[in-house]
Structures are given as structure tokens and as C-alpha cells.
Amino acid sequence: MLIISINIMKLTINGELKEVAKATLTVTELLKLENVTMPDMVTVQLNDEFMRPHQYPGITVSDGDTINFLYFMGGGQ
Amino acid sequence: MRNFTDSELERYSRHIILEDVGIEGQQKICDARVLVIGAGGLGSPVALYLAAAGVGTIGIADGDEVDLSNLQRQVIHTTADVGIPKVDSAKNKMLAINPSLTVNTYHQMLFANNILDIIKPYDFIIDGTDNFATKFLVNDACVLAGKPFSHGGILRFAGQTMTVKPRESACYACVFGQPPPAGLVPTCSSAGILGAVAGILGAIQAAETLKYIIGSGQPLYDQLLSFDAKTMNFRKVQLKRNPKCRVCGTDGVKVLHDYEQAVCEVKNAKNP
């Protein structure tokens with residue numbers, strides 16, 4: 001009997017439900033997957049908590065997590 | 001309590017008939033003191049709306065002079081103003097709309113060594129600055145002085161804003177931590193901004209100010225409102241205070257310091 005195990009994570013990213021076919025994923029990998037080209041220009045909120053860029057490689061997201069990418073916007077003039 | 005003249009009752013009639021404003025709310029507006037930092041894309045609509053609303057004392061701080069490239073979005077300035085200090089141009093327009101106001105001008109850039117004295121006399125502060133060094137400084141100073149303020153940021157077609165009640169709601173540093181590395185920041189003139197986006201965000205900041213003054217509605221405390229004018233999607237992200245925040249946390253800011261500015265920002269700074 002062949003058992004195929006497919007891991008799919010359901011994540012809410014910037015308010016939208018997305019399915020990611022991965023078993024584990026760090027925040028750094030997620031940023032890459034979501035085409036965030038300048039990770040230094042976003043702050044990442046994982047389930048209400050804010051993370052700093054140096055933490056991104058060490059934190060993994062899991063099924064059911066809510067993630068927001070909040071962009072730095074420095075303009076005003 | 002101030003007694004309104006017939007002409008004031010007429011001028012503010014569309015406020016006064018609002019249940020949430022009324023005579024009392026309009027009196028609060030006329031007695032309020034608000035500082036607008038930056039007389040540019042955000043500061044222009046904020047200053048115009050606050051003046052029209054009758055905010056009795058408005059401070060405006062900006063070290064720059066009006067440039068032709070400002071006029072695509074900085075709607076308080078006109079072609080005839082090119083070359084004069086933005087604060088003087090802004091003051092003229094505010095008084096033209098509403099001659100009864102007191103407008104205080106600060107023709108200088110804000111740094112750790114002058115910002116506390118400048119914000120001190122005001123009830124509410126508007127961040128309409130154009131660089132992260134000053135945005136974080138405004139946050140730090142307002143937390144230290146206990147002044148509520150409205151953060152605003154714009155970029156290309158997008159904008160974001162949050163209202164901060166120091167040590168009660170999340171501050172700018174609770175969310176964004178530190179300024180991003182100077183050098184890779186697209187805040188400079190090269191990034192571009194759709195003029196009307198500044199108007200949308202500035203009008204939101206003015207509305208937040210007036211809500212705070214009259215004590216009505218739910219200000220954007222613990223919420224970051226962001227929008228993208230390309231899709232016209234508006235989104236609110238719920239925030240919470242970081243108890244370990246380096247600015248408003250338990251071991252928070254005690255002394256102000258200046259942040260490093262991106263090279264292009266320093267180059268553009270005419271009055272360092």
C-alpha cells in the first residue's frame with residue numbers, strides 16, 4: 001500500500017488565506033516565496049507578535065498562522 | 001467657555017449640526033493646539049483641514065523652501081510661493097482660510113536637541129515628515145513627552161497611518177522597531193508618489209486629529225491602517241504594545257538621540 005503524505009499549510013498572509021505545500025517554512029523562506037524582494041523594508045507580524053529581521057531565519061511558521069508583512073513607508077513630503 | 005459670534009456660528013455650522021461635534025465640540029476644536037511636522041505632501045492637506053475646522057492654534061514646522069517639484073502634491077503651496085519658506089507659505093494659506101487662527105511657524109529641521117521644546121505647547125502632533133530618522137525621532141519625543149500623535153507614511157501608490165497614545169497604545173517602534181538600514185530606503189525623490197495619495201492620507205490624519213480633540217469615535221489606536229490606491233484596498237492590521245519596546249516599554253526611552261539619515265536624505269537637507 002502506497003501512502004503519499006502531502007503537507008499543506010494554511011496560512012493567512014496579509015488578510016488572505018493561502019495554501020503552501022511545505023512541511024516547514026522559516027519566515028525568511030516565506031518572504032522569498034511571497035516575492036518580498038527587500039526583506040529589510042518590511043516588518044513581519046506573526047500571530048500578533050512583531051519580529052525583527054535578524055529573527056526571520058530562525059522562526060518557522062506553522063499551519064493556521066496569521067502573518068502580516070507591514071512595509072516601511074518613509075514618505076510624507 | 002467661548003461665545004461664538006454669528007459669523008463663527010455660520011462658518012462652523014456644518015460641524016455644529018453634527019451630533020458628535022455640536023457647540024461644545026466646536027469649542028474644543030477652537031481651543032485646541034496642534035503641531036504639524038512637515039509642510040509637504042501630508043502636512044499640506046492636514047494644515048488646510050485643521051485651519052478650516054478652526055483649530056485655534058496650529059504650529060507648523062519645516063526647514064525647507066517651496067520647490068517647483070513640490071507643487072504636484074503639496075497643495076497648500078502655489079507657483080508664486082516657489083523659493084519662500086514652506087512654513088510661511090502654509091501660514092499665509094491657513095490665515096486666508098481662517099483669519100482668526102494663531103499660526104506658529106518653525107522654519108527649522110527637528111532634531112533631538114530641539115524637538116521637545118517645539119512639541120511642548122501642543123495637545124496633538126502630526127507626523128508629516130519624509131524620512132525615517134525624523135519619523136522615529138517624532139515617535140520617541142512624543143512618547144517621552146506623553147503627547148498623542150498621528151503617524152503617516154506614503155510611498156508611490158500606498159499609504160499607512162496609525163494614531164498613538166503614548167504608553168497606552170502601540171507606538172511606531174513597537175511595530176517597526178528601528179529605522180531600516182540607511183541606503184536601501186526608497187524614501188527619496190526617486191521613488192515617486194502619486195499626489196492624490198498624499199491627500200487621502202493627510203485627510204485621514206486630519207480626521208483622526210479632530211476625533212481626538214472632540215473625543216468621539218475610535219481613533220486608530222493599536223491599528224495600522226494601510227491602503228493601496230492601485231486597488232483601493234484599505235486594510236487595518238491590529239497591533240498591540242510591545243512590553244519590551246525600546247521606546248515605550250518598561251525600560252523605554254529616557255533621553256532622545258538622533259537617528260542616522262539615508263545619504264540622499266542628508267543631501268536633500270537644506271538646513272541641517
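Every number in this text was worked out from the coordinates using simple rules, so none of it is lab data. Given the structure is predicted, the values throughout are model-derived calculations rather than measurements. Quick reminder, even Gly has a Cβ in these numbers, built from the backbone with ideal geometry, and neighbours come from all protein chains shown.
The Cα atoms of the stretch A:9-71 give a gyration tensor whose axes a ≥ b ≥ c have a/c under 1.5, which makes the shape rounded.
If R0 equals 41 Å, the separation of the Cβ atoms of B:Lys236 and A:Thr60 corresponds to a calculated FRET efficiency of about 0.95.
Straight-line reach from B:Lys86: taking Cα to Cα under 20 Å and skipping same-chain neighbours fewer than 8 places apart, the lysines in range are B:Lys135, B:Lys267, B:Lys270. Is the shape of the stretch B:1-147 best called rounded, prolate or oblate, per the rule: a/c under 1.5 gives rounded, else a/b larger than b/c gives prolate, else oblate, with a ≥ b ≥ c the square roots of the Cα gyration tensor eigenvalues? It comes out oblate by the Cα gyration axes.
At 37 °C and 0.692 mPa s, what whole-number value in µm²/s does Stokes-Einstein give for the translational diffusion of chain B, with Rh from the Kirkwood sum over Cα pairs? Don't jump to the answer; show the numbers that get you there.
Numbers: Rh = 18.8 Å.
Roughly 174 µm²/s, to the nearest whole number.
Shielding value for A:48-60 is 2, the average number of Cβ atoms from other chains within 10 Å of each residue's Cβ. Quick one: which of A:Lys10/A:Lys32; B:Lys28/B:Lys236; B:Lys211/B:Lys236; A:Lys18/B:Lys244 span more than 22 angstrom between C-alpha atoms? Over 22 Å Cα-Cα: B:Lys28/B:Lys236; A:Lys18/B:Lys244.
Per-residue mean of other chain beta-carbon atoms within 10 angstrom of the beta-carbon, peptide B:239-251?
Details: counts 5, 4, 0, 2, 0, 0, 1, 0, 0, 0, 0, 0, 0.
Per residue, the number of nearby Cβ atoms from other chains is 1 on average.
How many Cβ atoms of partner chains, on average, are near each residue of A:61-74 if near means within 10 Å of its Cβ?
Going residue by residue through A:61-74 and averaging, the value is 5.
Put one equal scatterer on each alpha carbon of the protein assembly as shown, apply the Debye formula with no solvent term, and list log10 I(q)/I(0) at q = 0.08 1/Å to two decimals. Treating every Cα as an identical point scatterer, log10 I(q)/I(0) equals -0.40.
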